[in-house]
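Take a look at the structure set out below.
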Amino acid sequence: MNYKQIEELIAEKMQIATVPGLAIVLFNKHDVLFEKGFGYTSTEETALNVTPHTLFSIGSISKVITGTLIMKLVEKGILDLDRPIRAYVPWFTLHNEQETEKVTLRRLLSHTVGLPHVFEAFGSQDSDGLNKLVMSVPNHPLLFPPGESWSYSDLGVDTAGYVAEAVTGISFNELVQEFVFDPISLERSTYDLSKAVTYPLALPHSKKEDGSLGVAHRFPANSAHNPSSFAMASMSELAKIGQMFLKSGGDFLNENSVREMMTLHGDYFMPNQSGYGLTLELDFYKGIRRAWHDGALQSLGAWMFIAPDEDFGVVMACNKREGFWGHAEEIIEMIFNLRFPNETEKVYPQNYKGKTIPLNRCTGTYVGAWTGYVSISQPAGGLVLNMNDHESVLTPYGKDRFQGTSSEGEVLSVGFQNKEDSEIKFIMVNGIPCEKIAEVPEYTHPVDTYSSYIGSFIKNNDRLEFRVEDDKLYCYDQYDDTTLPCKVTGDNTVVAGSILVEFLQDSIRINKGSILTRV
C-alpha cells in the first residue's frame with residue numbers, strides 16, 4: 001500500500017475542513033500496518049501533538065464495546081440473548097405494555113425493538129444514570145412492534161447495558177473494565193473523564209461568534225448513555241478490538257459469538273447488502289464483506305472498519321467532524337481501494353426480470369423520521385415514489401427492493417418488508433423505516449395561526465427556530481445550518497424538510513424521540 005498517498009490525502013482533507021487533529025491505524029489480525037497522528041489535540045496554545053495513543057471520544061462505536069461485553073456475559077451463562085429481559089429486570093415495561101415480553105437482548109443490540117432514538121450529550125455522571133433512563137422507557141411510544149422492522153436507537157443499547165448492570169450488581173463501567181478492557185489490555189480506554197484527562201485527550205471544537213474555530217469548553221458526558229455513546233479510546237487501543245474480531249474472537253470471545261455479532265439482524269434493503277448485526281453495521285464494498293461502525297459526539301468523529309475475510313482493518317478519529325464527514329468517507333474508500341486494487345464494484349441488475357411482490361400491495365402513504373411523508377403509487381403498471389414533493393419512478397432490483405433517484409440525483413433505495421398474505425405495514429427508504437398510515441389529507445392552516453409555531457426550541461446542540469416569511473412557515477436547523485420549508489399536516493404536526501415535528505405545550509418532539517424545549 002502507498003501510505004504516503006494516504007498521508008497526503010488526510011492532510012489535504014484536514015486543511016479543507018479545518019480539522020485540528022486526527023489519528024489513524026491500519027492493521028491485520030497480528031500486526032499494525034500503519035499508524036500516525038496528525039495535527040493537535042486542540043486549537044489552543046496548550047495543545048499537544050496528536051498520536052495514535054491520544055484519547056478520543058468514539059461516540060457510537062461505544063455500542064461495539066457494549067455488544068462485546070454482552071456476548072462475553074452470554075458465554076459465561078450470565079445472560080441469554082433470546083430470553084425476555086423482564087426475566088432480568090422484572091419491573092421493565094414499554095409504553096406499549098403488551099409488547100414488553102418481546103424485548104430481548106438480541107433485539108436491543110440489533111435495534112429491532114422499535115424504541116425511538118433518545119440521546120442527550122450532557123447529563124448527570126451519577127452511578128444511577130442508566131437506571132433512571134430505563135425507568136423512563138415507558139414514556140416513549142414504540143415506532144413499531146418488536147421484531148417488525150429496524151430503527152437505530154441509543155435507548156435500546158443503553159437498556160441492554162443496564163440489563164448487564166442489573167443482573168451482575170456491578171456498575172456498567174466496572175463491568176466493561178473487568179470483562180473487556182482489562183482482558184484485551186486496553187489501559188487508557190475509559191468512560192471516566194477524571195481518568196481520561198490524565199492522558200492526552202482530543203478536545204471538541206465549535207465555531208466562535210466571529211466564525212473562527214475554538215475549543216468547546218464543555219466536554220460531553222452522560223452516564224445514562226455510556227453503553228451507546230461515551231467510551232473514550234485511543235486509535236491504537238481501538239485497533240486491538242478490531243484485531244480481536246479479525247481473529248474471530250481469538251482467545252477472548254468464541255467464534256460463535258463473533259459470528260452472531262456479524263450476522264444480519266436488521267436489513268436496510270440497500271444495494272450493497274447493508275444492514276445491522278449485533279452492535280455492528282454490515283455491508284459489502286466491491287464484494288468485500290465488512291463489519292463497521294462510526295461515531296459522532298459533539299464535534300468529535302470516529303470510524304472503525306474491518307474486513308474479516310481479508311484480514312484487514314482501519315480505525316480513525318478526529319476532533320472536528322463538521323464539514324469533514326464526507327472527506328472521512330473518501331479517506332476510508334481510498335484505503336480500501338489501495339488495499340484491494342483488483343476488486344470492482346458489483347453492478348446490480350438494472351433490468352431485473354425476476355418476480356416481485358404484488359405491486360398493488362406496496363402502494364400507500366408512509367411516514368418516517370428523517371424521511372417525512374412518503375407516498376407510493378402505481379399509475380401505469382410500475383411504482384412511483386413521492387417524498388417531500390420529489391417524485392421518482394421505482395425500478396426493481398430484487399423481489400422486494402427497488403431503486404429510484406433522490407432530489408439530489410443520488411440513488412434512492414426502497415424496500416418493502418413483506419409478509420406473505422398480510423398487509424405491508426413498513427418500508428425502508430435508504431435504510432430508514434417508514435410506517436404505513438392513512439392517506440394524509442391536504443391540511444389547510446390559516447396563516448394567522450402560525451404564531452403558535454413561531455419561536456426557538458433547544459436541547460443541548462439541537463436548536464430549531466420557526467419563523468414565517470412571505471406567508472410561509474420555515475424552520476432553521478442550527479445543527480446543520482440550513483433553513484427548511486415546512487408543511488403543516490395537522491393542528492400540532494409539521495414536517496420541516498424531512499424532520500417530523502410534534503408541537504407540545506411548551507416544547508416539540510422531533511422524529512418521535514427527542515424533546516426540545518421552547519426558549
Lys and Arg at +1, Asp and Glu at -1: neighbours of LEU81 with Cβ under 14 Å from its Cβ sum to +3
A 29 angstrom limit on the alpha carbon distance is what I want to check against. Which of LYS36/LYS72; LYS72/LYS102; LYS36/LYS286; LYS76/LYS102 exceed it? LYS36/LYS72
Compute the distance from the alpha-carbon center of the stretch 1-43 to that of the stretch 222-300, in whole Å. 21
In debye to the nearest 20, the charge dipole size for the chain, taken about the Cα centre with +1 at each Lys and Arg Cβ and -1 at each Asp and Glu Cβ, equals 800
Any residue on another chain or 5+ positions along whose placed amide H is under 5 Å from the amide H of ILE170 is listed here as none
A 25 angstrom limit on the alpha carbon distance is what I want to check against. Which of LYS63/LYS247; LYS13/LYS63; LYS13/LYS247 exceed it? LYS13/LYS63; LYS13/LYS247
Which of the GluC sites (Glu not before Pro) across the stretch 1-93 are loop residues per DSSP, with 14 or fewer other Cβ within 10 Å? GLU44, GLU45
About its Cα centre, how strong a charge dipole does the stretch 359-437 have in debye, to the nearest 20, once Lys and Arg get +1 and Asp and Glu get -1 at the Cβ? 200
Where a label projected 7 Å from the Cα of ASP126 along Cα→Cβ would reach, residues of the stretch 134-163 with amide N under 16 Å: 134-136
Sorted by average packing, counted as other Cβ atoms within 10 angstrom per residue and highest first, what order do 85-94, 269-278 take? 269-278, 85-94
Between THR363 and ASN139, how many nm apart are label points set 7 Å from Cα along the C-beta direction? 4.3
Can you compute the helix-only [θ] at 222 nm over the chain? Use -39500 (n - 2.57) per DSSP H run of at least 4 residues, normalise by all residues, nearest 500 deg cm²/dmol. -5500 deg cm²/dmol
Take the Cα of TYR476, step 7 Å along the line toward its Cβ, and report every residue of the stretch 187-224 whose backbone nitrogen sits under 18 Å from that point. 207-212
Which aspartates and glutamates, on any chain, are close to LYS195 with Cα under 18 Å apart, when same-chain ones fewer than 8 places away are left out? ASP126, GLU174, GLU178, ASP182, GLU187, GLU237
Please report how far the C-alpha centroid of the stretch 45-121 lies from that of the stretch 150-172, rounded to the nearest whole angstrom. 4
For 481-487, 397-403, ranked highest to lowest by mean beta-carbon neighbours within 10 Å, the order is 397-403, 481-487
Local net charge near VAL64, Cβ-Cβ under 14 Å (Lys/Arg +1, Asp/Glu -1): -1
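Values in this text are rule-based calculations from the coordinates and carry no lab data. Source: prediction; values computed, not measured. Note that we place each Cβ from the backbone using ideal geometry, even for glycine, and neighbour counts take in every protein chain shown.
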